[in-house]
Amino acid sequence: MALVLHAGWPNKNALKTLIAAEYSGIEVELVKDFQMGVSNKSPEFLKMNPIGKVPVLETPDGPVFESNAIARYVTRLKAENPLYGSSLIEYAQIEQWIDFSTNEIDINLTRWISPRLGFVQYNAQVEELAIASLKRGLEALSIHLAKNTYLVGHSVTLADIILGCNLYYGFTRIMTKSFTSEFPHVERYFWTIVNQPNFRKIVGEVKQAESVPPIASKKPAQPKETAKPKEAKKEAKKEVKKEEPKPKAEEPAEEEEEAPKPKPKNPLDLLPPSKMILDEWKRLYSNTKTNFREVAIKGFWDMYDPEGYSLWFCDYKYNDENTVSFVTLNKVGGFLQRMDLARKYAFGKMLVIGSDSPYKVKGLWLFRGKDIPQFVLDECYDMELYEWTKVDINDEDQKERVNAFIEDQEPFEGEALLDAKCFK
C-alpha cells in the first residue's frame, strides 16, 4: 500500500510532507478531489482523525495526523536520513527549530491571517499582539541566520522544510515586502529555501504578497440589514408611487464619486529601456550562497547600465547620536520601510558599523535613472539625514567600495559590522 496524504491543495501543512518525501525518495500520493469541509467530515476520514483536521497520512500500519508528526514519519522512513542531521546535537537542534517554527512563527502568522480571511472574529488588539510576537520571532531567527545559511549544519534539514513551509504561508498571504525588509537575513533564507530544486518541484514559482488582506466583512449580519430597505421600498411604492424616479436620479452621482481616477505614470517608467533588469539582479543577489564575489558581484557589473541606473554612497550626518545599538538599528529599519515607495526602482545596502558606540551608518544605493529620483527626495524625509555622493565607476577604489557594501565585507573599512540590512 502506498502512502496516501489526505489534504486539500494548496495546503502549507501538506507541503511539509511532500517536500520531505521528495528529499527522502519516498513516494507519497496526494489524495485526489479532496474537498475541505466535505471529505474531512466523512465517516472514513473521521476514523483516521476524529477531530477532522488535515492533513492525515494513511499508511500500511495505520493513520498519522498532525503535520509535523507526518513529516517526521516520512523522514524516518529513510535510514540515516541527512534531513535529521549527522549527530545527536544536530538532531536536538533540528527538533528545537521545528518547535520554534511552530510556536513563534506559525501560530502568530495564523493569528494574524485567519481573522482577515474571515475564519475567526477580527480583534485589533489580538492582531497587534500577533504581529508583535511574530516580529520578535523573526528578529531572533534573523540573528541566527546572520551567521548561518541553514538552521542546522550546512545543508537543508527537516527544520528548514517545516520553517520554509510556515514562512511560505506568510510570504505568499500577508507578509509584504515592506514588512519582511526589516529582516533581510530571513528574506535571504526564505528565497534560498524555496528555490531549492526539491522545493520548487512541489511549490513551483513563489510570489510574495503585494498587500495585506483587508479585514473580512461580517457577512452573517448583511442579510438582515438588506432585508429592511427592501420592505421599506415596497411600502414607499404603495404610498407614493410618483416619487420612484428620485432614487434613480441619485445613482449616477454615486457612480461618478466611486469612479477611480487614472494614476499618473512615474517619470522613471518613461525613461528609455535599460539593459539592466533590476529584478534579475535582486534574484541573483538573493540566490547566490557561495563564491559571492565570483558570481553575484561579477554578475552585478556585467548587468550594470550607467545610462539607465546610478550608484550612490550615503553617510549618516549625525553618527555622534548613535549611542544605543538597538535604537540605531531601528532607525535604519525605519528608513528602509519608508523607502518602500521606491522598491520597483531601487536596491540598497545599509551597514551599521562599529563594535562600540557611537555607531556609524553608511549605505550604498542603486537607483533607476542618472539621479536620485525626485519623488524619493520629496516623500522620504530620511534622505536629508544623509550625505549623498554619486559613485564614479571609473574609479577602481570606488568600485571596490561598492563591492564591499554588496557583500557585507567584514571588517568594513577597518571596523566591525554590527548589522547589515538589504533593501531589495
Using the membrane-span-like helix rule (whole DSSP H runs, Cα extent along the own axis of at least 30 Å, mean Kyte-Doolittle hydropathy at least -0.5), which helices of the chain qualify?
-> 124-145
Here the gain from full extension of Val126 to Ser357, 0.36 nm per residue of separation minus their alpha-carbon distance, amounts to 79.5 nm
Dipole size in debye (nearest 20) for the chain around its Cα centre, Lys and Arg Cβ +1, Asp and Glu Cβ -1?
-> 1740
Charges only on Cβ, +1 for Lys and Arg, -1 for Asp and Glu: so what's the dipole of the range 46-131 about the Cα centre, in debye to the nearest 20?
-> 300
What percent does the relative contact order of the chain come to when contacts are Cα pairs within less than 8 Å and at least six residues apart?
-> 13
Val324/Thr176 FRET efficiency (R0 25 Å; Cβ-Cβ; nearest 0.05) = 0.30
Using a Förster distance of 22 angstrom, determine the FRET efficiency expected from the C-beta separation of Thr389 and Leu417, and round it to 0.05.
-> 0.60
Extension gain Leu341-Leu88, at 0.36 nm per residue separation less the Cα-Cα distance, in nm?
-> 86.3 nm
Nearest 20 debye, what's the magnitude of the dipole of the range 1-111 about its Cα centre given +1 on Lys and Arg Cβ and -1 on Asp and Glu Cβ?
-> 320
Most positive-pole-ward Cα, Pro267, Phe65, Leu341, against dipole of the chain from beta carbon charges | Phe65
Checking rank on 402-414, 4-16, 329-341, with mean other Cβ inside 10 Å and highest first, the result is 4-16, 329-341, 402-414
Under 13 Å by backbone N from the virtual spin label 7 Å along Cα-to-Cβ at Ala69, the residues of the range 23-57 are 48-57
Can you tell me how much longer the chain between Gln398 and Gln208 gets when fully stretched, taken as 0.36 nm per residue apart minus their C-alpha distance, in nm with one decimal?
-> 65.0 nm
Relative contact order of the range 37-176, pairs being alpha-carbon contacts under 8 Å that are 6 or more residues apart, as % = 23
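A short reminder: the numbers here are calculations on the coordinates, not readings from a lab. Every value quoted in this text rests on a predicted model; they were computed, and no experiment measured them. Ideal geometry is used to build each Cβ from the backbone, glycine not excepted, and the neighbour counts take in all protein chains shown.
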